[in-house]
Structures are given as C-alpha cells and as structure tokens.
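*Asks:* Pasting in a structure now, in structure tokens, and then I'll have a few things to ask.
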Amino acid sequence: MLDLWNNLHPLVQGLIKGLAVILVIFPLAGASSLAERKVSAWMQGRPGPNRAMVPWIAWIPFLSTFLRRLGLFHLLADGGKLLFKEEPLPGHVNKLYFILAPVIAMMPAFTTVTVVPFGAYLTGSGEMVPLMLANVDVGLLAVFAVSSLGVYSLILAGWASNSKYPFLGGVRASAQLISYELSMTLSVVPVFLWINAPGTAGTMSLARVVEFQSQPGFWGGTWFVFLMPVSAFIFLVSLFAETNRQPFDMAESEADLVGGFHTEFGAFKWSLFFVAEYSHMLVGSGVFILLFLGGWNPLPWVSLADLIGGLHRLTHAAAVVHPLFVGVLSIVIFLVKVLAMIFFFMWIRWTIPRFRYDQVMKLGWQRLLPLAIGNLVFYALAIAFLQKPV
Amino acid sequence: MAHVLFNCFALLTIAGAVGVVANKNTVNAAMCFLLSLVGLAGLFVQLDAYLLAFVLLLVYAGAVVALFLFIIMLLDTQGRQKWDFSKLAVFTSLVAFGLLLAGLGTFVKRGQLEAPNPNAAGGVGAALKPYAYQLFTTYLLPVEVMGFLLLVAMLGVIVLSRKAGAGEDAP
C-alpha cells in the first residue's frame, strides 16, 4: 500500500491530495453552514430548518421524523438549489474580477489545509509521527502567509461589483484583516519562543507544538492555553476578525451594508464565498487547537500515548496499538475539537452583538496590539529567565 | 521538471512586473504586482528558501498589496490620470532614469558577476534560525537603519495626518 503510494508520480500524488482536501473540506464546510442555521435557531428558541426529506427515508416511521426535524437533508436541498440556480451576472460589474473573486476565495482556504497536521500515529518505539499532507518546516508561517491572501477575494468582490455597499464592504475588509493580522502573528510568538528552547533546531512546525504539549509530567502535558492564556485570547479574537465572523463581520454586516461584499453575487458564486468562510473557520480552529488546545491529545495532562497505553492495559488487544487505529482515533479527537470550536464560533455569534466599524479598528490597534506586544515582552523575559542557555 | 517550473515562475514574475508598469487601471496594476510576487515566491521555493518565500507572501502579498488596493479604492483614481507632471517631476525622473542607465551601463561594461551560488539562498533563507542569526549579526546595521527609516515615515504620517489646531480627534 505504502509502496504503491510512493511509486506514484509526484504530480499524481499532489492531485490525489488536492482532491482529498476538496472532498473533505467542501462537505464539512457545507455541513457547518447547515449547523450554523440549526444552532442559530436553537439559540433563538425556534425549530430552524425542518422540512427537507428524501422520499425513501420518509417511509421509515420514527427515524424519518427525527431526521426531518434535525434538518439534515437541507444540506442536499441547499446544495442542489445553489448548483442549478441561474447565475446572475449584473451588467455593471467588472466581469473578470467578479468571476475571479469567488475562485480566489477558495484557493487560500483550501491551500492552507495541506500544511495543517490533523492527526498522528505512534511508531513501535513510541515516537509520534504527524499526519499531514505537506510537511514543511515553516508550518505556521505558511498558514499565515497563504491565508492572508484570502483578503483579496473580499476586496476584489467588493470592487468588481461596482456598487456602493459591496465597495464599502471591500474597503472595510482590507483594513480590518490587515489590522488583526498583526496581533495574531504577535500572539503566537511566545509559543514558538517556548518550544524552540536553546540548543534545539529552530522550527515553526505545528506538529512540534503538539508534541511539546504531549510530554509526560505536569508541565509537559500542560496545554498552552493554561500556560499562555493571554496569547490564546488574542489569537482567538484575531481569528474571529480574520475569518470575518460576528462580532467582526464588517465586510458583510447585513444591518448596514445589505450583504456587504457579496451583495451582487448569487447562486453558486455566492455559496463559494460561504464555503471559503467556513473553510477558513475550520483551518483557523484547527490551528488554534494545535497551538493552544493540545492538538489530538484527548485531555490536558492526558496525551494520546497515555490514552492508547490505558486502552491497551484495559483490553490487551493488539489492534489498539496498531498505527491505523491510533491514527484514526487521533483524527477523530482532533475533528471533535474542531467541531466544538465551530460551535463556539456560532455561540459567540449570538452572544456578542456586532461592533461598529470604529470600535473594530479601535479594538485592533489600541487594545489588542499593545496587549500582544506587552504579552510578547513578558513571555520573552520569562522564557529567557526559565530556560537556561546551554 | 525544475527547468519548466523555473521558466513558468520567471515568466510570471517578469510578466507581472511589466503589467504593473503598463496597466492603466490601477487595480489591474496592483493585481499584476501580486502575480509578480507570487512568481517570485515560487522562485524562492525553487532555491529551497522556504522561509523567504513565505515571508514574502505574508508581508508583501498579504499586507502591502492589500494596503495598496485599500488606498486605490479610498482615493478612487480610476483612469483619470493625464500626463500632467510638473517640470520638476519630469526633470527629476529624467535624472533618475539617466542614473539608472549609467549604473546599468557600468555594470554591463565593467561589473563582474561572480557565479551565483545557488545554495547560498537556500542555506540562509530555508529555516528560521540561520536567517535570524544572519539578521542579528551580519546584517544588523541595515536592519536597524531600515527600522529607523520606517519609524521616520511613520512619524511623518502622524504629523501630516493631524488636523491643524485639533488636539484630539473627535469621535
């Protein structure tokens, strides 16, 4: 199996990996959009989407009612509707950029997935091997660099629409995303200062961060959210701003900008923006979990290796320590955490009202950025004091 | 394979750069600049200088060009520009062009380009540690000077953007 994979042409390998990303992220993002509708409904005390049904399943007595109320088939209905709807192309738009903008929205969102590790398996000697599509040493930097290109889709969509409200949305997006990128980048520096102890080879790898959080002992197993709560908080707030989520969805802001940058878009082009937004959320949550919430370790102070060891002692089954089982288990743990983060995104949406634009700018430049710099200086001093030079 | 990729990226870089200068539409020009930067990042990746490639994308493609677009939209300078430069501007740009030509001429005539070491960029620009080490030892003075220049520019912006007579911005 592995030999077969390694013998493939690199181009074919890349193609398969790319298809895998699309096949996993696209439905996941679509499911998130349905979950958003459903969770929003529950939080507002209404039933939410509960009509769509597939004929054959409708004949099963109790299950069909349950599934209909859950609204699962709205995902299919929505997808089908958006695919087959007429694609409106307003006469006053810049056609090239108007069509290009949704495509550009997808590209960074899907590209960043390749460098995010999503699980791990353990070799016979207990060594952790991360599962990721492209293992680059610059890890997090690649995520930041590529995801920062996502702003162009918003700017271009707003500009190419050639009408007032989308334009305002595009201008807001360009200023907002740059403002919060600074705090976001600064907030993760303490993490990498801490894991790149003197004498080790410097790395920005996300897998290394998780490895650091799964060491034995109290300090080894401490997730960085406990060790660096301020960093985690700044990163989380910036993540909301970077993914254009409420309370920071200035580019969209239905209350004052109709639909913001996507006002003029319809049908599948419109839905591509939403798939891109949810992909950004998925990747962003993944990075947050890897950095601060222990990655694929089930609980703080309980690493994946501990869990596997415990299971093995309980069951004495050889299958438990098989790399395939460990890999799948780690992916499941990671995915559960990511979905919990997505739920958190929706929870915040209905908890904190949208900011005004000047408040967003003020928060970014006058509160978060100084806080991030202060946090960095504090941790730099603390780490210099704690980690003895070799 | 490597040659094909190099040719693609080099073509992208140069075509993008030409597009920046040749385009009348400022948004198109900015997008060409973006393409050029992406090509340049691809060239860096081919030299194994991954860090440089991603820093280039992060800083220039991710932030600087986005700011350009922001300014273009804010000022809305769509195709209204005519060739109405002042005499001083024409004179200085001619002088600058002459200097550039002279520099290129002397370089072609007398300059000696040592055979470039393809591993040099990869050695320094591949990972964080060697890069940072160079930044804080060999190139400390240029870095400090650049930082100071940026500080001067920032102070200039603060001074210029302050409204005369107004001490505190009204909310």
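*Asks:* Could you list which residues have their amide H under 5 Å from that of A:Gly119, counting only those 5 or more apart in sequence or on another chain, with H placed in the peptide plane?
*Replies:* Those qualifying (amide H under 5 Å, at least 5 residues apart or on another chain) are A:Leu131.
*Asks:* Provide the net charge surrounding A:Ile57, with neighbours chosen by a C-beta distance below 15 Å and charges set as Lys +1, Arg +1, Asp -1, Glu -1.
*Replies:* +3
*Asks:* Suppose only helical runs count, i.e. DSSP H with n ≥ 4. What mean residue ellipticity at 222 nm does that imply for chain A under -39500 (n - 2.57) per run, divided by all residues and rounded to the nearest 500 deg cm²/dmol?
*Replies:* One gets -21000 deg cm²/dmol as the mean residue ellipticity at 222 nm.
*Asks:* Taking each residue of B:58-68 in turn, how many C-beta atoms of other protein chains fall within 10 Å of its C-beta, and what is the average?
*Replies:* Per residue, the number of nearby Cβ atoms from other chains is 6 on average.
*Asks:* Moving on. Near B:Lys87, which lysines are there with a Cα under 29 Å away, not counting those fewer than 8 places off in the same chain?
*Replies:* List returned: B:Lys24.
*Asks:* On average, how many beta carbons from a partner chain sit within 10 Å of the beta carbon of a residue in A:141-154?
*Replies:* 5
*Asks:* For chain A, rounded, prolate or oblate, judged on the Cα gyration tensor with a ≥ b ≥ c (square roots of eigenvalues), a/c < 1.5 rounded, else prolate if a/b > b/c?
*Replies:* Cα axes put chain A in the oblate bin.
*Asks:* Only counting other Cβ atoms within 10 Å, I'd like B:Thr13, B:Thr92 sorted with the fewest neighbours first.
*Replies:* Going from least to most buried by this count: B:Thr92, B:Thr13.
*Asks:* Then there's this: Apply the Karplus parameterisation 6.51 cos²θ - 1.76 cosθ + 1.60, with θ equal to phi minus 60°, to every residue of segment A:249-257 and state each ³J(HN,Hα) to the nearest whole Hz, in sequence, with x for glycine and proline.
*Replies:* Once rounded to whole Hz, the list reads 7, 5, 5, 9, 6, 4, 5, 10, 10.
*Asks:* For A:Leu8 and A:Phe325, what does the FRET efficiency come to when R0 = 35 Å and r is the distance between their Cβ atoms, rounded to the nearest 0.05?
*Replies:* 0.85
*Asks:* Could I ask something else about it? If Lys and Arg each add +1 and Asp and Glu each add -1, what is the summed charge of the other residues whose beta carbon sits under 15 Å from the beta carbon of A:Leu182?
*Replies:* Every neighbour counted, the sum reads 0.
*Asks:* Suppose each label sits 7 Å from its Cα in the direction of the beta carbon; what would the B:Thr138-B:Val4 distance come out to in nanometres?
*Replies:* Rounded to a tenth, the inter-label distance reads 3.5 nm.
*Asks:* Anything in chain A that counts as a DSSP H helix reaching 24 Å or more along its axis (C-alpha) with Kyte-Doolittle mean of at least 0.0? List them, would you?
*Replies:* A:10-43, A:95-113, A:164-195, A:267-292, A:323-349, A:369-386
*Asks:* Looking at A:Ile234, A:His322, A:Ala267, which one has the Cα that reaches farthest to the positive end of the dipole of chain A (charges on Cβ: Lys, Arg +1; Asp, Glu -1)?
*Replies:* It is A:Ala267.
*Asks:* Here's a follow-up. Which whole-Hz couplings ³J(HN,Hα) result when phi for each residue of segment A:294-300 is put into the Karplus expression 6.51 cos²θ - 1.76 cosθ + 1.60, θ = phi - 60°, listed in order with x for Gly and Pro?
*Replies:* Result, rounded to whole Hz: x, x, 8, 7, x, 9, x.
*Asks:* Work out the mean other chain Cβ neighbour count within 10 Å for the residues of B:22-32 and drop it here as an integer.
*Replies:* 2
*Asks:* Would you tally the net charge around A:Ala267, using a Cβ to Cβ cut-off of less than 11 Å, leaving A:Ala267 out, and scoring K and R as +1, D and E as -1?
*Replies:* +1
*Asks:* Next question, about the same structure. Could you rank the peptides A:304-312, A:319-327 by their average count of other C-beta atoms within 10 Å per residue, with the highest value first?
*Replies:* A:304-312, A:319-327
*Asks:* Which lysines have a Cα less than 17 Å from the Cα of A:Lys85, not counting those fewer than 8 places away in the same chain?
*Replies:* Excluding near neighbours in sequence, the set is A:Lys269.
*Asks:* If you don't mind, another one. Let me know the shape class of segment A:249-290, please: from the alpha-carbon gyration tensor, a ≥ b ≥ c as square roots of the eigenvalues, rounded when a/c is under 1.5, otherwise prolate if a/b is greater than b/c, or oblate.
*Replies:* The shape class here is oblate.
*Asks:* Using a ≥ b ≥ c from the Cα gyration tensor of segment A:71-173 (square roots of the eigenvalues), is it rounded, prolate or oblate, where a/c under 1.5 gives rounded and otherwise the larger of a/b and b/c decides, a/b for prolate?
*Replies:* oblate
Read-outs throughout are calculated quantities, based only on the coordinates presented, and are distinct from any laboratory measurement. Quick caveat, the model's predicted, so the values are computed rather than measured. Note that we place each Cβ from the backbone using ideal geometry, even for glycine, and neighbour counts take in every protein chain shown.
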